Amino acid sequence: MLCEIRFRFLLPIAQTFSAAIFGGVGLWQRHHILSQPWLGDQTMWETTARFHVWPWPFKFAVLTNVPAFLAGALVEWPIESVWSSIPEWIACLPSLAFVPLLWYWVGARFDAKLQASRRKYWMLMLAFTAVCGLGLLVPGHVSYIPYGVLVWLVFTVVAKRRGAQDKLLLPTTR
């Protein structure tokens, strides 16, 4: 008998792993770029470059997890006001902690509405990932964040409508 994998278990594991890998690689690239020597004994960390350098792996991790990123930023904000020299990778850990919670919630919603077709939800996730990937092409230094918010709003509406359509297609049993 084939064991059916539930979205509420698969999505948190896959998305947390993806966010950790892409976010970690992106932060490593950012650190490597900004640690380059600049004008004598300075590094690029002491310039405005730190506001402009956001490697694509980090952007992808943020785009696919915007609600978790914003929740983590709210937790990070008071911590950084007290501990201003906190390493960037430590400051991003609260966001990573919210990723499995976010995707468990999404997966549980999918599982609750998953009576008609699993394939449609897989296609929705594939389309969501592709649209997030397109967000890497958005010009500007932080323009990918409003783009990600818009993507998540559309994703939420489409998923909600998809669930409503699935309920309409199901025969009622009494």
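Annotations
- Cβ pairs under 7 Å, 6+ apart, first in the range 133-150 and of a type outside the set (Phe, Trp, Tyr), second surrounded by fewer than 13 Cβ atoms within 10 Å (Cβ to Cβ) and outside any loop (DSSP other than H, G, I, E, B): 141/51
- Qualifying residue in the range 78-87 (condition: at pLDDT 90 or above, over 13 Å from the mean Cα position of the chain (by Cα) and assigned to a helix (DSSP H, G or I)): no
- Selected residue [within 24 Å of residue 121 (Cβ to Cβ), of a type in the set (A, V, I, L, M) and crowded, with 17+ Cβ neighbours inside 10 Å] from 96, 11, 101, 34: 11
- Residue 108 being over 20 Å from residue 151 (Cβ atoms), assigned to a helix (DSSP H, G or I) and either aliphatic (A, V, I, L, M) or under 17 Å from the mean Cα position of the chain (by Cα) (or both): yes
- Top-ranked residue of the range 41-61 - restricted to ones that are modelled with pLDDT of 80 or more and over 18 Å from residue 139 (Cα atoms), ranked as surrounded by the most Cβ atoms within 10 Å (Cβ to Cβ): 43
- Residue check: residue 72 meets all listed conditions (1) of a type outside the set (A, V, I, L, M); (2) within 24 Å of the chain's Cα centre (by Cα); (3) loosely packed, with under 15 Cβ neighbours inside 10 Å but one, namely (3).
The values are calculated or read from the model by the stated rules, or taken from the named source; none is laboratory data. Fair warning: this is a prediction, and the values are worked out from it, not measured in the lab. Cβ atoms come from the backbone with ideal geometry, glycine included; neighbour counts cover every protein chain shown.
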